[in-house]
1. Any residue at all in the range 151-171 that's within 21 Å of Leu86 (Cβ to Cβ), open to solvent by 50 Å² or more (accessible area, probe 1.4 Å) and in contact (Cβ under 8 Å) with a residue 60 or more places away in the chain?
2. Within the range 61-112, take every residue that is within 18 Å of Ser40 (Cα to Cα), among the hydroxyl-bearing types (Ser, Thr, Tyr) and not in a strand (DSSP E or B) and give me the one that is least open to solvent (accessible area, probe 1.4 Å).
3. Of the numbered conditions (1) under 17 Å from Arg68 (Cβ atoms); (2) surrounded by fewer than 20 Cβ atoms within 10 Å (Cβ to Cβ); (3) of a type in the set (Phe, Trp, Tyr), Phe179 fails exactly one; give the number of that condition.
4. Which of the residues that make up the range 37-59 are in contact (Cβ under 8 Å) with a residue 12 or more places away in the chain and either among the β-branched types (Val, Ile, Thr) or surrounded by fewer than 16 Cβ atoms within 10 Å (Cβ to Cβ) (or both)?
5. Any chance you could count how many residues in the range 85-129 are under 15 Å from the mean Cα position of the chain (by Cα) and either over 16 Å from Leu168 (Cβ atoms) or charged (D, E, K, R) (or both)?
6. Identify, please: which residue in the range 129-147 is of a type in the set (Ser, Thr, Tyr) and touching a Lys or Arg at 6+ places or on another chain (Cβ under 9 Å) and is, among those, surrounded by the most Cβ atoms within 10 Å (Cβ to Cβ)?
Amino acid sequence: MFTGIITCIGTVTRLDRRRGGARLTVRPPARYRRFGAGESVSVSGVCLTAIRPGRDLVADLSGETLRRSTLGRLQPGSPVNLERALRWGDLLSGHFVMGHVDAVARVREIEALRNSWIVSLDVPRGLSSLVVSKGSVALEGVSLTVAGRGRGSFTVVVIPETLRRTTLSRLTAGDGVNFEADVFARYGFAGAVRRAGAMRRPR
């Protein structure tokens, strides 16, 4: 489990296609501590498992991961957002992110304001009910708040600090991004809370 607060940007050094999947190698910045075998790491929003200890992250990608995410399109030199798994007692600054990407969302438009970007994206097919205004989503592993909903689309606001620390600064219209819906929206916790509140109101 992750928080959607990116710790650094890594660089893809290899993507080797294999039968039914691929093997990905990512080099983090020099200051990043070594990976442990079996460690879970979010790579641009996708939860991957380090297959061996070392400075570089080496992880296997299943066919399902390649189908549902953008990782299969990576090339040597591609930047990726990295986040290590949440530990008990860590500060939860974003929201609960599972690293289980639902689909690829397409960027419709980017409006650059003085202090932020407003990014409009397509709602991935079949996931409309999970995109809630003022709710959370993860895009490329980054925890963001849904600023608004339109017909078949939604918007998020990206502040300069997020642009500086993540790969979102490289987005352009037409790009695909890894999309994960909020786990609370997925399992209906928000709806359950609303229903409970309605039941408590005096009639």
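The values are calculated or read from the model by the stated rules, or taken from the named source; none is laboratory data. Here the structure is a predicted model, which is why all the values come from computation and not from measurement. Using ideal geometry, Cβ is built from the backbone for each residue, glycine included, and neighbour counts are taken over all protein chains shown. For accessibility, only protein heavy atoms count, side chains too; no ligands or nucleic acids. Shrake-Rupley method; radii C 1.70, N 1.55, O 1.52, S 1.80 Å.
1. yes
2. That would be Ser69.
3. (2)
4. Ala37, Gly38, Val41, Val43, Val46, Ile51, Arg52, Pro53, Gly54, Arg55, Val58
5. 13
6. Among them, the one singled out is Thr145.
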